[in-house]
Amino acid sequence: MGNRYLDLLAEFGVGGAHPGGFPLTKEVLSSLHLPPSSSVLDIGCGTGQTAEYLSDHFSCKVTAIDNHPVMVKKASERLHLKADVRYGSAEDLEFADLTFDMVLTESVLSFTGAAHETLKEIHRVLKEKGTFLCNEMTAAKQLSKQQLSSIKNLYGIEEVLTEEEWIHKLKGAGFTTVSRVPAIESLDETQVTDLRPSPNISEDLYDLWDDHHSFFKAHKESISYRIFICEK
């Protein structure tokens, strides 16, 4: 059974669906001072918005993967020759060891269902001293069973980690340095301005979008996000 929330993002072609949206992505990437021609892997690339920015503004050599066929199609149409777009699984990356200077995930790890395995794969494909940048949903405190049940029903996510749990998981995957990026970390919604909708979108996905907006309003005190910069 697929994840209907991910279907929603794919069918509406939502760019910058992660917490903080595309403005936050640009702010964080600009702070990294990426050298030209850096090899970057964008896992869960969606419609390719971030991959395009990395190519256009930093002249990076970008590989973008996603495991949703609709997203892969839309990213391919958007990026053309700007990036190598592939269908791929975060838990089983097809790349050789020590391939990339940087790996990026934006609201991806929580959806894999196997974050530990994904992190080990990311660590494997990073070059020595390579950088892993992730932006992930984070619990401000331990969530109640009712909250977790609502999150699972809406997003298909089994757990939402606290900041301390994320740091423990990242270090457990082998990263030597894990730093949190200071940012505005409330779960306030960012206006979506990048949409590439499919024709004939199912009515239930419109309902799901309404449920998603309601969730933001009801849980923004309990759930935020964290951005981590990790070094191998």
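The values are calculated or read from the model by the stated rules, or taken from the named source; none is laboratory data. Note that the structure is predicted; figures quoted are calculated from it, not measured. In this analysis, Cβ positions are derived from the backbone assuming ideal geometry, glycine residues included, and neighbour counts consider all displayed protein chains. Surface areas here come from the heavy atoms of the whole protein model, side chains and all, with no ligands, DNA or RNA. Shrake-Rupley method; radii C 1.70, N 1.55, O 1.52, S 1.80 Å.
This table checks each residue for (1) among the basic types (Lys, Arg); (2) buried (at least 21 other Cβ atoms within 10 Å of the Cβ).
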| residue | (1), (2) |
| --- | --- |
| 109 | no, yes |
| 115 | no, yes |
| 122 | no, yes |
| 127 | yes, no |
| 136 | no, yes |
| 152 | yes, no |
| 163 | no, no |
| 174 | no, no |
| 178 | no, no |
Of the residues in region 1-31, those that are closer than 17 Å to residue 111 by Cβ and of a type in the set (Lys, Arg) come to 4
In region 1-97, which helices (runs of 4 or more DSSP H) lie fully inside it and hold 1 or more residues that are over 29 Å from residue 151 (Cα atoms) and at pLDDT below 95?
21-32
From 100, 132, which residue is under 25 Å from residue 36 (Cα atoms), aromatic (Phe, Trp, Tyr) and touching a Phe, Trp or Tyr at 6+ places or on another chain (Cβ under 9 Å)?
132
Check 73, 61, 26 and return the single one that is among the charged types (D, E, K, R) and in contact with a helix residue (DSSP H, G or I) (Cβ under 7 Å, 6 or more places away or on another chain).
26
Residue 148 open to solvent by less than 10 Å² (accessible area, probe 1.4 Å), free of Cβ contacts under 8 Å to residues at least 60 places away in the same chain and at negative phi
no
Select from region 21-40 the residues that are in contact with a Ser or Thr (Cβ under 8 Å, 6 or more places away or on another chain), open to solvent by 20 Å² or more (accessible area, probe 1.4 Å) and farther than 13 Å from residue 229 by Cβ and list them in ascending order.
22, 23, 36, 37
Taking the condition under 24 Å from residue 3 (Cα atoms) and among the acidic types (Asp, Glu), does residue 159 pass?
yes
All but one of (1) part of a loop (DSSP other than H, G, I, E, B); (2) closer than 24 Å to residue 177 by Cα hold for residue 105; state the number of the condition that does not hold.
(1)
Where the second residue is assigned to a loop (DSSP other than H, G, I, E, B) and the first is of a type in the set (S, T, N, Q) and lies in region 106-127, which pairs have Cβ atoms under 6 Å and are six or more apart or on separate chains?
107/18; 110/157; 112/90; 112/91; 118/90; 118/91
Spans of helices (runs of 4 or more DSSP H) in region 121-224 with at least 3 residues at pLDDT 90 or above and farther than 24 Å from residue 102 by Cα
145-155, 203-219
Name every residue in region 75-94 that is of a type outside the set (Gly, Ala, Ser) and open to solvent by 20 Å² or more (accessible area, probe 1.4 Å), in order of residue number.
77, 78, 80, 81, 82, 84, 85, 86, 87, 91, 92, 94
Selection from region 86-105 of residues free of Cβ contacts under 8 Å to residues at least 60 places away in the same chain and touching a helix residue (DSSP H, G or I) at 6+ places or on another chain (Cβ under 8 Å) yields 86, 87, 90, 91, 92, 93, 95, 96, 97, 98
